[in-house]
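Here is the structure we will look at.
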Amino acid sequence: AQRVTQPEKLLSVFKGAPVELKCNYSYSGSPELFWYVQYSRQRLQLLLRHISRESIKGFTADLNKGETSFHLKKPFAQEEDSAMYYCALSPWGGDKLIFGTGTRLQVFP
Amino acid sequence: GAGVSQSPSNKVTEKGKDVELRCDPISGHTALYWYRQSLGQGLEFLIYFQGNSAPDKSGLPSDRFSAERTGGSVSTLTIQRTQQEDSAVYLCASSSSPLGSGETQYFGPGTRLLVL
């Protein structure tokens, strides 16, 4: 079965601390993995996707096929990073997104 | 340019009534998706339209849910005989081509539905 698991509902850190939002997936083939972010009172938007291998707003995510993980990391959290983060997968060459339940990141000053 | 728009932004209805939710995708986008965001459940795929192809309805939770897309643009999600468990935020997204081709889904602001 296709599934995305985000074990943490809430992650709280202080400004400047490292952040890692965990994401594990189960899928029999080779999926495409994404991180979406929803800031307060804004719409859901794409943060990054694994095929791009980009760093967006200081965030990176590496696909680990052995551990079926796609954790989101940032070395130094900023207050403006406070938001809801969703990990998602799409079957390779597919269409719909399968989302995790999301992790709320709170960055305190 | 204008992003994906949805209406109404909020809808309160009584159990048993029918509701219609509207989505206007980004102009020129051929792919349109509906998702549901329930409290504590994350986002759940409902239905996907791509051009003139038959829609992928595999995520619709019951036959009370239906959707159509007229003229390859605007889409309407209809929920008949609403139940309290239908209360959620309904999100629409569009992309310029199928997701698997490397495109990005752009989301609307959502319609918050409350069934009393």
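In terms of modelled amide H atoms, which long-range or inter-chain residues lie less than 5 Å from the amide H of residue B:44?
B:36, B:37, B:38
Sort A:32, B:68 from largest to smallest accessible area, using a 1.4 Å probe on the heavy atoms of the protein chains.
Descending order: B:68, A:32.
Residue by residue, what Karplus-based ³J(HN,Hα) values in Hz, rounded to whole numbers, does segment A:101-109 have, using 6.51, -1.76 and 1.60 with θ = phi - 60° and x for Gly and Pro?
7, x, 10, 8, 9, 10, 10, 8, x
Toward the positive end of the charge dipole of chain A, about the Cα centre and with charges on Cβ (Lys, Arg +1; Asp, Glu -1), which of A:58, A:39, A:28 goes farthest?
Positive-end residue among those listed: A:39.
Report, as an integer, the average count of C-beta atoms from other chains found within 10 Å of each Cβ along B:39-45.
Across B:39-45, the average partner-chain Cβ count within 10 Å equals 5.
Tell me the trypsin sites (Lys or Arg not before Pro) within segment B:48-116 that lie in a loop according to DSSP and have at most 16 other beta-carbon atoms within 10 Å.
Loop-located and lightly packed - B:57, B:64, B:81.
Report the net charge of residues surrounding residue B:36, where surrounding means a beta-carbon distance below 14 angstrom and charges are Lys +1, Arg +1, Asp -1, Glu -1.
That sum, taken over residues with Cβ under 14 Å, equals +2.
Treat each spin label as a single point 7 Å out from the Cα along the C-beta direction, and report the residue B:103 to residue B:22 distance in nm.
In this crude label model, residue B:103 to residue B:22 measures out at 2.3 nm.
I'd like the carbon and sulfur percentage of the solvent accessible area for chain B, probe radius 1.4 Å, heavy atoms only, ligands and nucleic acids excluded.
45
For a quick check of your reading of the filter: which trypsin sites (Lys or Arg not before Pro) in segment A:12-59 sit in a DSSP loop and have no more than 10 other Cβ atoms within 10 Å?
Those satisfying the criteria are A:41.
At a probe radius of 1.4 Å, figure out the B/A buried accessible area, summed over both chains, and give it in Å² to the nearest 100.
1600
For a quick size check, give me the Cα extents of segment B:15-94 along its three principal axes, largest first, whole Å.
Largest to smallest, the principal-axis extents are 35, 25, 20 Å.
Taking each residue of A:38-51 in turn, how many C-beta atoms of other protein chains fall within 10 Å of its C-beta, and what is the average?
3
³J(HN,Hα) across segment B:25-38 via Karplus (A = 6.51, B = -1.76, C = 1.60, θ = phi - 60°), whole Hz, x for Gly/Pro?
x, 5, 4, x, 6, 8, 9, 9, 10, 10, 10, 10, 10, 9
Give me the net charge for the shell around residue A:103: Cβ to Cβ below 15 angstrom, other residues only, Lys and Arg +1, Asp and Glu -1.
+2
Counting other Cβ atoms within 10 Å of each Cβ, which chymotrypsin sites (Phe, Trp or Tyr not before Pro) in segment A:3-57 have at most 13 and sit in a DSSP loop?
Within segment A:3-57, the qualifying chymotrypsin sites (Phe, Trp or Tyr not before Pro) (loop, at most 13 other Cβ atoms within 10 Å) are A:39.
Leaving out ligands, DNA and RNA, what percent of the accessible area of chain A is carbon and sulfur, probe 1.4 Å?
Carbon plus sulfur share of accessible area: 49 percent.
Considering only protein heavy atoms, what per residue accessible area in square angstrom results for chain A with a 1.4 angstrom probe?
With all protein chains present, chain A gives 52 Å² per residue.
Past 20 Å, Cα to Cα, is the threshold; run A:57/A:96; A:96/B:15; A:96/B:17; A:9/A:65; A:9/B:57; A:15/A:74 against it and keep the listed order.
Pairs exceeding the cut-off: A:57/A:96; A:96/B:15; A:96/B:17; A:9/A:65; A:9/B:57.
Roughly how many nanometres apart are two label points built 7 Å out from the Cα toward the Cβ at residue B:96 and residue B:66?
Output for this residue pair reads 3.4 nm.
Determine the dipole magnitude for segment A:3-108: charges of +1 sit on the beta-carbon of Lys and Arg, -1 on that of Asp and Glu, nothing else is charged, the reference point is the Cα centre, and the result goes in debye to the nearest 20.
The dipole of segment A:3-108 has a size of about 160 debye.
In peptide A:95-106, what is the residue-averaged number of other protein chain Cβ atoms found within 10 Å of each Cβ?
Per residue, the average neighbour count from other chains is 5.
The values are calculated or read from the model by the stated rules, or taken from the named source; none is laboratory data. Everything numeric in this text was worked out from a predicted model, so none of it was measured. No Cβ is skipped: glycine too gets one built from the backbone with ideal geometry, and neighbour counts run over all protein chains shown. Ligands, DNA and RNA are stripped out before the accessible areas are found, and what is left, the full protein with its side chains, is counted by its heavy atoms. Shrake-Rupley method; radii C 1.70, N 1.55, O 1.52, S 1.80 Å.
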